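Student: Please read through the structure below; I'll follow up with questions.
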Amino acid sequence: QFSDSAFPMAWRRLTALPRMSLRALPAVSLGVNIVNVKRVACSSANKEDEKPADKQADYWISGVSQGCNKTLPCTFDLYGGVMVDPATVPAEQDAFRTILASSLDEWMKRGKQGVWLRLDISAAALVPIAISEFGFEYHHVRKLNLDQLTEFVSSLSGRISTVDKAERDYVMMTKWLPSNCPNTLPHNASHTIGVGALVTNSEGKILLAREKSGPAARSKVWKIPTGLVDAGEDLHEAALREVKEETGIDATFEYCGAFTMSHGGNLAHANKSNLFFVVKCKALTTEIQLCESEIADARWFSKEEWLTRMEKGSIWYELNQSALDAEAVVSMKSLPWGRSRPGVSRLFFCPVRRSAL
C-alpha cells in the first residue's frame, strides 16, 4: 500500500520501464512493498503461446488466455473452439454484456470458430441476454455431482477455475462465429449406455431381481441387475455398482457378452439412442440385501429355473446366453494410448474364446 504522495512516484517508476520488461516481470519491489502488475488491456502478449505444461491436456488444448478488461478468461482447443471460464463470468448484467461483446469481437478477429459459454445456476439471469442479444443457442443442461465436477476441473490441469460445490447445475450454450462456413460444433450427447450384470455364485446359480417400478415391474419379470453407465464410469464398474446397489452383492467382473441398440429413448431421455451391454460377473458374497426403494425381491436361481423364465429366441434370451454359455466372449484389458499421450491408457475390448480366459 502507498500513501497519496508515494503512489504517483511508484507509478512513474513502473511506466518508465520498457514494455518487454513489464511483461517479464511478475512483481516489482518498491521498498518493502510488492505490487503485482496485472494486465488491464489486451495486448499482443495475450496469444495462444501459453500452452499447458501437462502433455495430456496439451492433446486437446492449443492455448490459454488469462483474459483482460476486454476479454473473458478462456481455454482454446485444437478445433478453433473457445471455452469460457465460468467462474470469471461477471454476475452484473451490464458488465456481462460489455465484456461478452468485446470478447466475441476479439475472438472473431483471431479466427476462432465456436464459443462454449457455461453459465451456472447462480448466473441464470444472464441466459436470456446471451441468447436474445448475442445469438447463443442452448446446447445442454446438466447437473454434476461433486466428484464429477472435481474430476472435470482437474482434467483441465487447473486451467479452469475451481467452481464452488454449491454451483453444480449449469446450462451450456454455444455460438458459431464464422458466417462463411456451416456450424460444425458437436450436438449434445445422442446416446445413453446401459449395462446388465449376469452374476453367478460358486454353485452356478444366477442372481435375478424384480423391480418395484418401471416396465419390468409392470410385467413382473425376473431380470438381471441393470442400470445406466454414469459419466466417467467404465462399463464393468457400472455393472458392479448396479449389482451392489440393487442386491448388496459384491462381485468381480469376468468378461463382456453381446450388446444391442435401441432408438427413441424414454420420457427421461427422449429421442436418445441406447447401447445396452451384458457382462458376466462372479459373486464374492451371497447374502442378498435389497435396495428397498428400487427392488421388490432378489433371489439366486438355478440355470434350469432361469431358463424356464426366459422366452427362447427373444433378444433378451440371446443377450443373457451370450454372457453365460457362448463360446466366444469379449475380454477387457488396459493398453497405453501411445507416444502422443504418455501415461494415458484406455480399455481395450476384444473377442476371445471363453476357454482361453
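Student: Out of the range 147-194, which residues are at pLDDT below 50, open to solvent by less than 70 Å² (accessible area, probe 1.4 Å), among the aliphatic types (A, V, I, L, M) and more than 21 Å from Gly67 (Cα to Cα)?
Tutor: Leu149
Student: Tell me, which residue of the range 266-296 that is out of contact with any Leu (no Cβ under 6 Å at 6 or more places or on another chain) and of a type in the set (Lys, Arg) is modelled with the lowest pLDDT?
Tutor: That would be Lys272.
Student: Still on this structure, please answer the following. When the range 246-256 is examined, which residues are found to be over 26 Å from the mean Cα position of the chain (by Cα) and farther than 15 Å from Pro225 by Cα?
Tutor: Of the range 246-256, the ones over 26 Å from the mean Cα position of the chain (by Cα) are 247-251, 254.
Once the filter is applied, which keeps residues that are over 26 Å from the mean Cα position of the chain (by Cα) and farther than 15 Å from Pro225 by Cα, the range 246-256 yields only Glu254.
Student: Which numbered condition in (1) loosely packed, with under 10 Cβ neighbours inside 10 Å; (2) outside any strand (DSSP E or B); (3) in contact with a strand residue (DSSP E or B) (Cβ under 9 Å, 6 or more places away or on another chain) is the only one that Asn271 fails?
Tutor: (3)
Student: On the given criteria, is Phe253 within 18 Å of Val329 (Cα to Cα), open to solvent by 30 Å² or more (accessible area, probe 1.4 Å) and in contact with a helix residue (DSSP H, G or I) (Cβ under 7 Å, 6 or more places away or on another chain)? Break it down into steps so the answer makes sense when it comes.
Tutor: On the way: within 18 Å of Val329 (Cα to Cα): yes; open to solvent by 30 Å² or more (accessible area, probe 1.4 Å): yes; in contact with a helix residue (DSSP H, G or I) (Cβ under 7 Å, 6 or more places away or on another chain): yes.
For Phe253, the condition - within 18 Å of Val329 (Cα to Cα), open to solvent by 30 Å² or more (accessible area, probe 1.4 Å) and in contact with a helix residue (DSSP H, G or I) (Cβ under 7 Å, 6 or more places away or on another chain) - is met.
Student: Additional query: Could you tell me whether Lys244 is in contact with a strand residue (DSSP E or B) (Cβ under 8 Å, 6 or more places away or on another chain), without any contact (Cβ under 8 Å) to a residue 12 or more places away in the chain and surrounded by 17 or more Cβ atoms within 10 Å (Cβ to Cβ)? Spell out the reasoning first.
Tutor: Details: in contact with a strand residue (DSSP E or B) (Cβ under 8 Å, 6 or more places away or on another chain): yes; without any contact (Cβ under 8 Å) to a residue 12 or more places away in the chain: yes; surrounded by 17 or more Cβ atoms within 10 Å (Cβ to Cβ): yes.
Yes: the conditions hold for Lys244.
Student: Taking the range 228-265, which residues are part of a strand (DSSP E or B), out of contact with any Cys (no Cβ under 7 Å at 6 or more places or on another chain) and either modelled with pLDDT of 95 or more or farther than 18 Å from Arg210 by Cα (or both)? Steps first, please.
Tutor: At the first step, the residues of the range 228-265 found to be part of a strand (DSSP E or B) are 228, 251-262.
Narrowing the set further to residues that are out of contact with any Cys (no Cβ under 7 Å at 6 or more places or on another chain) leaves 228, 255-262.
Answer for the range 228-265, where residues must be part of a strand (DSSP E or B), out of contact with any Cys (no Cβ under 7 Å at 6 or more places or on another chain) and either modelled with pLDDT of 95 or more or farther than 18 Å from Arg210 by Cα (or both): Tyr255, Cys256, Gly257, Ala258, Phe259, Thr260, Met261, Ser262.
Student: Something else about it: Check Ala238, Ala209, Ala268 and return the single one that is farther than 30 Å from Gln113 by Cβ, among the small types (Gly, Ala, Ser) and over 22 Å from the mean Cα position of the chain (by Cα).
Tutor: Numbers: Ala238 fails: over 22 Å from the mean Cα position of the chain (by Cα); Ala268 fails: over 22 Å from the mean Cα position of the chain (by Cα).
Checking each option against the conditions leaves just Ala209.
Student: Filter the range 171-196 down to the residues that are over 24 Å from the mean Cα position of the chain (by Cα) and either of a type in the set (Gly, Ala, Ser) or not in a loop (DSSP other than H, G, I, E, B) (or both) and list them by number. Talk me through it step by step, then tell me what you get.
Tutor: The first filter runs over the range 171-196 and keeps only residues over 24 Å from the mean Cα position of the chain (by Cα), leaving 177-182.
The answer is Ser179, and nothing else.
The values are calculated or read from the model by the stated rules, or taken from the named source; none is laboratory data. Nothing here was measured: the structure is a model prediction, and the numbers come from that model. Because the Cβ atoms are built from the backbone with ideal geometry, glycine has one as well, and the counts that use them run over all protein chains shown. The area values use the complete protein model at the heavy-atom level, side chains included, leaving out ligands, DNA and RNA. Shrake-Rupley method; radii C 1.70, N 1.55, O 1.52, S 1.80 Å.
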